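Every number here is computed from the coordinates shown, using simple stated rules; none is lab data. Source: prediction; values computed, not measured. Virtual Cβ from ideal backbone geometry, glycine too; neighbours counted across all protein chains shown.
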Protein chains: 2
Amino acid sequence: MAKSTNREDHLKALYALGERKGGSDAWVATNDLAAHLQVKAPSVSGMVQVLQELGWAEHRPYHGARLTPSGRSLALSLVRKHRLWETFLVQRLGFGWDEVHDIAEQLEHIDSVELVQRLDAYLDHPEVDPHGEPIPNVHGDILDKRVLMPLSELPAGAWGQIGAVQDDQGQVLDQLQRNNLGLGSVIGPKERTTLPAEGHQYILVTPWENADARPQTSAP
Amino acid sequence: MAKSTNREDHLKALYALGERKGGSDAWVATNDLAAHLQVKAPSVSGMVQVLQELGWAEHRPYHGARLTPSGRSLALSLVRKHRLWETFLVQRLGFGWDEVHDIAEQLEHIDSVELVQRLDAYLDHPEVDPHGEPIPNVHGDILDKRVLMPLSELPAGAWGQIGAVQDDQGQVLDQLQRNNLGLGSVIGPKERTTLPAEGHQYILVTPWENADARPQTSAP
DNA sequence: CCTATTTTTTAGCCACACCTAAAAATGACA
DNA sequence: TGTCATTTTTAGGTGTGGCTAAAAAATAGG
Ligand SMILES: [Mn+2]
Ligand SMILES: [Mn+2]
Ligand SMILES: [Mn+2]
Ligand SMILES: [Mn+2]
């Protein structure tokens, strides 16, 4: 038994949902994985057992799954590849930030350590991807230490600056683009009402103290 | 039924062996496909029937298989992608010409028309890949009209200039590199004895009239 | 032209990754 | 605490793409 595209995608989902739940000791529910992967629960049940046999995840039946250290390390290398490829597609090939996720979802599975190293160097070792999300380094460390919160959790009346947007939320990326908002844009009460509320959880912001300062927008 | 990595690889093999046999009406034997794909004959038998159902190949049992026009067109688009990616890996990422085939074998299956278009433009619409092999254009036409013959078929005593080397023959690429030979190098009797005879069929040359002219070597 | 060898296909098996339907465990709450 | 709704797993089935062993067709030699 070895790597495969599907196993890698399940691993990555387990990492992503675990992070969202607050760290490496969080248990992730089968149903949540199934929803994220657009697959039925029994498929996840089966795959999670495979991940356990591979030593990549721990599975407590009827309770959930979480990554082992080696699984986490593999997941981080997939996230790294995904975000490096997205950076390449936007910075070098000129794609829009809303067009690259599906392609990177394929490219991340290309198996070549040398390729990732050269790509990273070619892009000048970027620290964040086109959606503002941090790119783990070759050791799996995330050096980016910004503290971001979902716009949906920003106190009413407060302002925030967009630090990142979930890359798999094409709709939200579109909405921002249509409103001339992007990474670095500052969000006030007006923008909050303009942007559909369902998307607020996918827009990650830093609280913005002085609402009078000039918004430092980097057009998307 | 739709595309898949394996079906695409079989299609590409059918194209490659058909070309080697002299064109689009050549029938390719099951065993030859199996040898090329490093798979057993029954697997090819099954796959060839699938290709027929997909309308990509014609199969006459106990006789062989060949591409339909639509299969040929798909195969050419795969060859195009493979060679564009190899060009990217060598020209932009600095890989050696003997390191890129296996990676391109994966990259060629990435499914995005837009990506191929942008990659082609990014590379300034190259006409040949790092191994000298022509890159079909977006319509599947091969504009490169050089007439190349295997070194093994060059008359004894004649000279030849290297026009291309089969990209899947890593050993041959290595041998050339070790002898400081590459695309454009001129091969005389001395080089022919130096290079192992088994590799001669994979080195494609144009006959070289004036053996006294300076060899126009492009270092590999 | 008939037999022996080679080539190819068919038959039957397995692993992977998905599905639906049914069973089992959990947890909420009366 | 007992029941019930929800979640999860298990059971059983499908399609893909491999394999080996056996059968069938083609080819070659005497
Ligand atoms: Mn993926
Ligand atoms: Mn991203
Ligand atoms: Mn391939
Ligand atoms: Mn090539």
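If you take the Cα Rg of chain A and divide it by 2.2 N^0.38 Å, with N the number of residues, what do you get?
1.06
With Cβ to Cβ distances under 12 Å as the rule, what net charge do the other residues near A:Leu84 carry (K, R +1; D, E -1)?
Within the 12 Å Cβ shell, the charges total -2.
Once the label point is placed 7 Å from Cα along Cβ, list for B:Asp111 the distances to the corresponding points in the other copies, in nm, shortest first.
Label-point separations across copies, in nm and ascending: 2.1.
Take B:Arg178 and A:Asn179, extend 7 Å from each Cα along the Cα→Cβ direction, and tell me the distance between the two endpoints in nm.
With each label placed 7 Å out from Cα toward Cβ, I get 6.4 nm.
For the protein assembly as shown, go through all pairs of different Cα atoms, get the mean of 1/r, take its inverse, and jot down that Kirkwood value in Å.
Evaluated over the protein assembly as shown, this radius sits at 25.0 Å.
Mean-square fluctuation check for chain A, GNM, Cα pairs under 10 Å: which of A:Glu58, A:Glu198, A:Glu105 is largest?
Maximum among the listed residues: A:Glu198.
Cβ under 11 Å from B:Leu17's Cβ, B:Leu17 left aside: what net charge do those residues give with Lys, Arg +1 and Asp, Glu -1?
+2
Which of A:Thr30, A:Thr194, A:Thr87, B:Thr68 has the fewest other C-beta atoms within 10 Å, and how do the rest follow up to the most?
The order, fewest Cβ neighbours first, is A:Thr194, B:Thr68, A:Thr30, A:Thr87.
Are there trypsin sites (Lys or Arg not before Pro) in region A:86-178 that DSSP puts in a loop and that have at most 14 other Cβ atoms within 10 Å, and which ones?
Of the trypsin sites (Lys or Arg not before Pro), the ones in loops of region A:86-178 whose Cβ has at most 14 other Cβ atoms within 10 Å are A:Lys145, A:Arg146.
Run the numbers on chain A and let me know its relative contact order in percent, using alpha-carbon pairs under 8 Å that are six or more apart.
15 percent
Given label points at 7 Å from Cα along Cα→Cβ, what nm distances, shortest first, separate B:Leu123 from the same residue in every other copy?
Reported distances to equivalent positions: 2.0 nm.
Taking 30 Å as R0, compute the FRET efficiency from the Cβ-Cβ separation of A:Lys145 and A:Ser43 and round it to 0.05.
Efficiency, from the Cβ-Cβ distance: 0.25.
Sequence neighbours fewer than 8 away in the same chain don't count; with that in mind, list the lysines whose C-alpha is under 26 Å from B:Lys81.
Of all the lysines, those that pass the test against B:Lys81 - Cα under 26 Å, at least 8 places apart if same chain - are A:Lys3, A:Lys81, B:Lys3, B:Lys12, B:Lys21, B:Lys145.
Running a GNM on chain B with Cα contacts under 10 Å, which residue among B:Tyr62, B:Tyr15, B:Tyr122 ends up with the highest mean-square fluctuation?
With Cα springs under 10 Å in chain B, the top fluctuation among B:Tyr62, B:Tyr15, B:Tyr122 is at B:Tyr62.
Kindly give the distances from B:Asp25 to its copy-mates, label point to label point, with each label point 7 Å from Cα along Cα→Cβ, as nm values to one decimal ordered shortest first.
7.5
In whole angstrom, how far apart do the alpha carbon centroids of region B:58-129 and region B:139-191 sit?
20 Å
Please compute the net charge surrounding B:Glu153, taking Lys and Arg as +1 and Asp and Glu as -1 over other residues with Cβ under 13 Å from its Cβ.
Within the 13 Å Cβ shell, the charges total +2.
Relative contact order for region A:5-67: what percent, with Cα pairs under 8 Å and sequence separation of 6 or more?
So the answer I get is 37 percent.
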